[in-house]
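Asker: Pasting in a structure now, in structure tokens, and then I'll have a few things to ask.
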Amino acid sequence: MISFILLAIFGIWVLINRFSEGGKVEGHPLGMPRGTVRGLSTILLVAFPFWYILRGEVIPGLIVNVIFVVVAFYFEARRSEHEKIKTIVEEMKKPDLIIQDSTRKKMPLYLPKYSVRFILLSMLIITLIVHYSIRKVTFEVTNTIFDLLIIIILFIIGAFFRSIANSREKKRMKNQIVNMDASLSEAEIIEKLLLEETSWWKRKGRNILSVVMFLIVVISLICFSYEWDLTIFTLPDYTLTLVGFLLLLINAYYGFRD
């Protein structure tokens, strides 16, 4: 329930900013700042156990496993190569060259820098405070090895497809550089590549992937709340359900969009 309250609050905030003047961020999924979908999805997942804590119920082991790994992936995420190149260009370019970048000051969820990480860290700290000061938080014991194995495999699959996409992008950029004006400086070449608009198909693909993965998170949490689920397979020490697999599938998205 708390996750859905946060979804409503952050959803309204993001939509207001997205459709306000200058709120659209070109070249990123759904025209929102890079990392918005991942940031909101991670917040919803980390907030989900609070409903169990308030009711004094055991927190499902799968939720705990997914939270730990997703938060680890989120905090590990570093600046993209695209952003690193921007910094290099800023140092290389002449004073009269200015990159018109409307995305520079827009962070995930249209919040100040590091806000999402602060929110995530705060929620984890609150959980510890509740556990040691108010009531003991009980976690369901599950076979973590199987969950972690599936998480790692899905993350690798996502990273594999990301590497393919990056390889194709590198080849395309090489061809562009070869066909550019030879009189351009290195900084000007990089600048032209940075200012190039993303193709229509690529933008649509990112939009669809972001929407699908966000819906998977929301639907999974709704199903978890009302215990709507189906068993995929059962082993002596482990059971994988449809909702559980959908939650684990999020890690493939993190691997692809890292």
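Asker: Scan the stretch 123-162 for residues that are part of a loop (DSSP other than H, G, I, E, B) and surrounded by 12 or more Cβ atoms within 10 Å (Cβ to Cβ) and jot them down. Spell out how you get there, then give the answer.
Answerer: First, the residues of the stretch 123-162 that are part of a loop (DSSP other than H, G, I, E, B): 135-138, 140-143.
If the condition is that a residue be part of a loop (DSSP other than H, G, I, E, B) and surrounded by 12 or more Cβ atoms within 10 Å (Cβ to Cβ), then Val137, Thr138, Glu140, Thr142, Asn143 are the ones that fit.
Asker: When you look at Asp96, is it farther than 27 Å from Met32 by Cα and at pLDDT below 70, yes or no?
Answerer: Values: farther than 27 Å from Met32 by Cα: yes; at pLDDT below 70: yes.
Here the answer is yes, as Asp96 does meet what is asked.
Asker: Among the listed residues Leu6, Leu15, Leu40, Leu62, identify the single one that is part of a helix (DSSP H, G or I), within 23 Å of Phe155 (Cβ to Cβ) and modelled with pLDDT of 85 or more. Show your work before the answer.
Answerer: On the way: Leu6 fails: within 23 Å of Phe155 (Cβ to Cβ); Leu15 fails: within 23 Å of Phe155 (Cβ to Cβ); Leu62 fails: modelled with pLDDT of 85 or more.
Matching residue, one of Leu6, Leu15, Leu40, Leu62: Leu40.
Asker: Could you say whether any residue in the stretch 145-165 is over 29 Å from Leu242 (Cβ atoms) and not hydroxyl-bearing (Ser, Thr, Tyr)?
Answerer: No.
Asker: Could you say whether any residue in the stretch 227-242 is surrounded by fewer than 13 Cβ atoms within 10 Å (Cβ to Cβ) and assigned to a helix (DSSP H, G or I)?
Answerer: no
Asker: Give the residue that is farthest from Ala72 (Cα to Cα), with candidates limited to residues of the stretch 212-226 that are crowded, with 19+ Cβ neighbours inside 10 Å and among the hydrophobic types (A, V, I, L, M, F, W, C). Show your work before the answer.
Answerer: As a first pass, look at the stretch 212-226 and keep what is crowded, with 19+ Cβ neighbours inside 10 Å: 213-214, 217, 220-221, 224.
With the extra rule that they be among the hydrophobic types (A, V, I, L, M, F, W, C), the set shrinks to 213-214, 217, 221, 224.
Values: Met213: 18, Phe214: 19, Val217: 17, Leu221: 20, Phe224: 22 Å.
Among those residues, the one meeting the criterion is Phe224.
Asker: Here's a check for you: in the stretch 18-37, which residue that is surrounded by 19 or more Cβ atoms within 10 Å (Cβ to Cβ) and assigned to a helix (DSSP H, G or I) is modelled with the lowest pLDDT?
Answerer: By that ranking, first place goes to Pro29.
The values are calculated or read from the model by the stated rules, or taken from the named source; none is laboratory data. All figures in this text were calculated on a predicted structure; none of them were measured in a lab. Please note: Cβ atoms are built from the backbone with ideal geometry, for glycine as well, and neighbour counts cover all protein chains shown.
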